[in-house]
Amino acid sequence: MQYAVKAWSNGTARAGVLQLGSSCPCPLEIETPSLLLPTRKCLPRFISPDLLPSLPSPDSRLLQFSPLHFLEGLSTQTISNLGGLHQMLCLHEYGLVAVPRDSIQCLPASEGTNKVGASFETPCGRCLIKPKEYMEMISSMRPDIWVTLADEVPTWVSAKRNSSSVDRTIRWLDECIALRPVQNQCGDIFGSIVGGANVQQRQLCAEEVAKRNVSGYWIGGFGLGESMDERPALLKAVCDNLPEEKPRLVCGLGLPEEVLQGVAAGIDLFDTTYIYHITIGGFALTFPLDKIGVSELIPYSSDIGSDQTKINLRATVYRKDTTPVVQNCSCYTCKNHTKAYINHLLNVHEMLAQILLEIHNTHHFLGFFHLIREAIKEGKFEQFREKFIHDRREHLAASAVHV
């Protein structure tokens, strides 16, 4: 794996290029900041493999998965005998990123974690995963990038418990590196960084992980109770202590405003379940995809349920709306179907509704990341960020007047 920063904006926001080639069957080049598509066993929740090529390429070629997904399926030995996940799933043109935590089905259970291993709530029940067991999974699955085991804790734990989580995460990092196969078939290592809502612990963990021989960094522990006001200081404490030449991946920042917050701190890759959650809710992303200026706001309506980023397609107002979800959108959904059709599918509980919505929402969110990269290259990221947040707040204020 190779990573290079190509442009900076406002001091810390950066655009770069990530190249996967050593373990990936086909060389892959991804521009950052970029989105990791959330998956279930390496495939998006609703998009079938034959529809994956309809998503923007190569932006959609990085797939995040949790090795814990496979606890209820084939054994690690069987997956290894099949040649790893690329061979088993015929995903030769995609980069696979293994992250223990999955914010939908494999949630960290800090109360069950101990010095032996990390505890997770999985579809198979609560599981305690030890570094040796985790490395057996990684070795058999052979992802392009894998994240070391971490002890993630919510913000409300005691200072002692938070400190022990940092110690365990660093110790497990050393164990994972020591257990890594000599053949280097399991991809590049991203060292885990935790620390809860404590700036000093975050800084300590970042300093220690930066001393290790890793290819990049995974910043965890977000989305577990911290506020948006606390987050900038926590991100700064981490990023200021990491080398610039290695990529940074964060988990737990999903909303457009949170993504912008992460980019401003110097984050390169985002592991988020935002697309899944809005798709399940019947929402479609609609925020404008232009550079600095923002097109006209969507008129307020309690039926529409708009917040200047998405619309509720379950609403009755769309029952006879024969326009696409977003005008001039080039995704498969908008080119072939209407709001009325998706409204019908949602109301009769057809799974095709989620398929079409996930295609559109993924396409739209990837377009958002493209705009971020362009703004950084032009040196206008802060203006882009301020304009986006200002217009959304203005719309929410206007909406409140009508309530």
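Find the Rg to Rh ratio for the range 314-394, where Rh is the Kirkwood radius over alpha-carbon pairs and Rg uses the same atoms.
Value, to two decimals: 1.09.
Please work out the Kirkwood hydrodynamic radius for the range 68-139, using every pair of different C-alpha atoms, and report it in angstroms with one decimal place. Don't skip to the answer; put the middle values down first.
Values: mean 1/r = 0.0756 Å⁻¹.
Roughly 13.2 Å, rounded to one decimal.
Quick one: what does P(r) look like for the range 33-74 with 5 Å bins over all Cα pairs, in whole %?
5, 23, 28, 23, 13, 7, 2
Positive end of the charge dipole of the chain (Lys, Arg +1 and Asp, Glu -1 on Cβ, about the Cα centre): tell me which of T309, L85, H364 has its Cα farthest that way.
The residue sitting most towards the positive pole is L85.
Taking the alpha carbon gyration tensor of the range 161-276, what are the square roots of 5 times its eigenvalues, largest first, to the nearest whole Å? Write down the numbers at each step before the final one.
On the way: eigenvalues 107, 55, 33 Å².
Taking √(5λ) for each Cα gyration eigenvalue gives 23, 17, 13 Å.
Which translational diffusion coefficient, to the nearest whole µm²/s, is obtained for the range 229-282 from the Stokes-Einstein equation, given a Kirkwood hydrodynamic radius over C-alpha pairs, 10 °C and 1.306 mPa s? Intermediate results must be reported in sequence, preceding the final value.
Working: Rh = 12.0 Å.
For these conditions, the coefficient is 133 µm²/s.
Using only C-alpha atoms and all pairs of different ones, pull out the Kirkwood radius for the chain in Å with one decimal.
Values: mean 1/r = 0.0459 Å⁻¹.
Computed over the chain, the radius equals 21.8 Å.
How much length is gained on full extension from R40 to A178, taking 0.36 nm per residue of separation minus their Cα-Cα distance? Intermediate results must be reported in sequence, preceding the final value.
Working: separation 138, 0.36 × 138 = 49.68 nm, distance 2.86 nm.
Full extension of this stretch gives 46.8 nm more.
In whole Hz, with x marking every Gly and Pro, tabulate ³J(HN,Hα) for the range 124-137 from phi via Karplus 6.51 cos²θ - 1.76 cosθ + 1.60, θ = phi - 60°.
Ordered by residue, 3J(HN,Hα) equals 8, x, 6, 10, 9, 9, 8, x, 5, 5, 5, 5, 5, 5 Hz.
What is the distance in Å between the Cα centres of the range 127-196 and the range 1-73?
That distance is 20 Å.
If you project the alpha carbons of the range 57-110 onto their three principal axes, what span does each projection cover, largest first, in Å?
For the range 57-110, the Cα extents along the three principal axes come out at 35, 31, 11 Å.
Taking 0.36 nm per intervening residue step and subtracting the Cα-Cα distance, what contour gain separates V116 from H390 on full extension? Walk me through the numbers before you get to the answer.
On the way: separation 274, 0.36 × 274 = 98.64 nm, distance 4.73 nm.
Fully extending the segment from V116 to H390 adds 93.9 nm.
Given Cβ point charges of +1 (Lys, Arg) and -1 (Asp, Glu) and nothing else, what value in debye, to the nearest 20, does the dipole of the range 1-143 about its Cα centre take?
On the way: 12 positive and 11 negative charges, 57 e Å.
I would put it at about 280 debye.
Using a 1.4 Å probe, how large is the accessible area of M1, given in Å² and rounded to the nearest 10?
50 Å²
I need the Kirkwood Rh of the range 28-119: take the reciprocal of the average 1/r across all distinct C-alpha pairs and report it in angstrom. All intermediate terms of the calculation are to be shown ahead of the outcome.
Details: mean 1/r = 0.0684 Å⁻¹.
Value: 14.6 Å, from the Cα pair sum.
What spacing in nm lies between the two simple spin-label points modelled at A109 and R319, each 7 Å away from Cα in the Cβ direction?
Result for the modelled spin labels: 4.5 nm.
Can you list the residues, at least 5 places off or on another chain, whose amide H is less than 5 Å from the amide H of G16, using H built in the peptide plane?
K6, T32
Multiply the residue gap between A159 and L74 by 0.36 nm, knock off their C-alpha separation, and tell me the result in nm, one decimal place. Display every interim value, and only then the final one.
Details: separation 85, 0.36 × 85 = 30.60 nm, distance 3.98 nm.
This chain segment gains 26.6 nm when fully extended.
For the range 186-249, what relative contact order do you get, as a whole percent, if you take Cα pairs closer than 8 Å and at least 6 residues apart?
Numbers: 79 pairs, mean separation 26.7, N = 64.
Relative contact order here is 42 percent.
Given the pairs K211/K246; K339/K387; K310/K387; K6/K380, which are separated by over 20 angstrom at their Cα positions? Write down the numbers at each step before the final one.
Numbers: K211/K246 13 Å; K339/K387 28 Å; K310/K387 17 Å; K6/K380 15 Å.
Cα-Cα > 20 Å for K339/K387; rest within.
May I ask you to derive the FRET efficiency for E207 and Q19 from their Cβ-Cβ distance with R0 = 22 Å, giving the value to the nearest 0.05? Please list the in-between numbers first.
On the way: r = 27 Å, r/R0 = 1.24.
Using R0 = 22 Å, I get an efficiency of 0.20.
In percent, what relative contact order does the chain have, based on Cα pairs under 8 Å that are 6 or more apart in sequence?
On the way: 788 pairs, mean separation 66.7, N = 403.
For the chain, the relative contact order is 17 percent.
D for the range 180-246, whole µm²/s, Stokes-Einstein with Kirkwood Rh over alpha-carbon pairs at 37 °C and 0.692 mPa s: what number? Walk me through the numbers on the way to the answer.
Numbers: Rh = 12.7 Å.
It diffuses with D of about 259 µm²/s by this estimate.
Which whole-number percentage describes the relative contact order of the range 65-125, with Cα contacts under 8 Å and a sequence gap of 6 or more? Write down the numbers at each step before the final one.
Working: 58 pairs, mean separation 21.9, N = 61.
Relative contact order of the range 65-125: 36 percent.
Which peptide among 279-288, 321-330 comes first, and what is the full order, when sorted by highest mean count of other Cβ atoms within 10 Å?
Values: 279-288: 20.4, 321-330: 14.7.
Highest to lowest by the protection proxy: 279-288, 321-330.
Please report, in debye to the nearest 20, how large the charge dipole of the chain is about its Cα centre when each Lys and Arg carries +1 at its beta carbon and each Asp and Glu carries -1 there.
On the way: 38 positive and 43 negative charges, 58 e Å.
Charge dipole, the chain, about its Cα centre: 280 debye, nearest 20.
The values are calculated or read from the model by the stated rules, or taken from the named source; none is laboratory data. Since the model is a prediction, treat every value here as computed from it, not as a measurement. Ideal geometry is used to build each Cβ from the backbone, glycine not excepted, and the neighbour counts take in all protein chains shown. Protein only, heavy atoms only, side chains kept; ligands, DNA and RNA dropped before computing areas. Shrake-Rupley method; radii C 1.70, N 1.55, O 1.52, S 1.80 Å.
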